[in-house]
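Below is one structure, written out as structure tokens; the observations come after it.
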Amino acid sequence: MELAFSGEVWFWRGPAPYHFVTVPDEQCAALEAAAASVTYGWGMVPVGVRIGDTRWRTSLWPKDGRYVVPLRVSARRAEGIDLGDRVDVRLTVDG
């Protein structure tokens, strides 16, 4: 399964601070349907991510009935991504 969307980068200051992009509701429904066959626990969904020319593997985190994409520091630096930027994200669900 492949998905593409745009979203705003936001920051979570919790015990492990991180930058994220929230997957839009329409794509979350498709991900939820696929999650049962690919999740490895806690609702985490393994994916390949591409923003610009940068690619990496991670897992989507379930949050408030949706999914969020964690953005690695190395990817944000490579693409010049800052808090509040709108980015185009391409996801490939592993599994």
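The values are calculated or read from the model by the stated rules, or taken from the named source; none is laboratory data. Note that the structure is predicted; figures quoted are calculated from it, not measured. With ideal geometry, Cβ positions are generated from the backbone for all residues, glycine too; neighbour counts draw on all protein chains shown. The area values use the complete protein model at the heavy-atom level, side chains included, leaving out ligands, DNA and RNA. Shrake-Rupley method; radii C 1.70, N 1.55, O 1.52, S 1.80 Å.
Worth a mention:
- Once the 1.4 Å probe is applied to the protein heavy atoms, the chain comes out at 59 Å² accessible per residue.
- Solvent-accessible area, 1.4 Å probe, carbon plus sulfur percent, for the chain: 49
- Computed from label points 7 Å out along Cα-Cβ, the spacing between residue 4 and residue 55 is 1.5 nm.
- For segment 1-69: rounded, prolate or oblate by the Cα gyration tensor [a/c cutoff 1.5]: rounded
- Comparing mean-square fluctuations of 16, 30, 75 from a GNM of the chain with C-alpha springs under 10 Å, the top value falls on 16.
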